[in-house]
Amino acid sequence: MTTQKNTPPKGVLIAVGTIALLIILYFILAAIFPEIFESLSQAEIQPVNN
């Protein structure tokens, strides 16, 4: 009798691993080069016209 483990497809594992790696890379780059991320444009709050 063979037992099969319930594992996700390889594509899902690769996608989750890639997302985690990109998040870690973002924090490393933000720590090394903070001026790059501070210079990015941010949305400004504007009043809503009724």
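The values are calculated or read from the model by the stated rules, or taken from the named source; none is laboratory data. Since the structure is predicted, the reported quantities are computational estimates derived from the model, not experimental observations. With ideal geometry, Cβ positions are generated from the backbone for all residues, glycine too; neighbour counts draw on all protein chains shown. Note: accessible area is taken over every heavy atom of the protein model, side chains too, but ligands, DNA and RNA are not part of it. Shrake-Rupley method; radii C 1.70, N 1.55, O 1.52, S 1.80 Å.
Which condition number does residue 30 fail, the rest of (1) in contact with a helix residue (DSSP H, G or I) (Cβ under 9 Å, 6 or more places away or on another chain); (2) modelled with pLDDT under 85 being met?
So residue 30 meets the others, but not (2).
Is it the case that residue 35 is part of a helix (DSSP H, G or I) and over 18 Å from the mean Cα position of the chain (by Cα)?
Values: part of a helix (DSSP H, G or I): yes; over 18 Å from the mean Cα position of the chain (by Cα): yes.
It is true that residue 35 is part of a helix (DSSP H, G or I) and over 18 Å from the mean Cα position of the chain (by Cα).
For (1) touching an Asp or Glu at 6+ places or on another chain (Cβ under 6 Å); (2) surrounded by 10 or more Cβ atoms within 10 Å (Cβ to Cβ); (3) of a type in the set (S, T, N, Q); (4) touching a residue at least 40 places away in the same chain (Cβ under 8 Å), each residue gets a yes or a no:
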site	(1), (2), (3), (4)
9	no, no, no, no
14	no, yes, no, no
38	no, no, no, no
41	no, no, yes, no
44	no, no, no, no
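Checking residue 20 against (1) open to solvent by 100 Å² or more (accessible area, probe 1.4 Å); (2) part of a helix (DSSP H, G or I), only one condition comes out false. Which one?
(1)
Given the conditions (1) modelled with pLDDT under 90; (2) open to solvent by less than 100 Å² (accessible area, probe 1.4 Å), report the number of the one that residue 5 does not fulfil.
(2)
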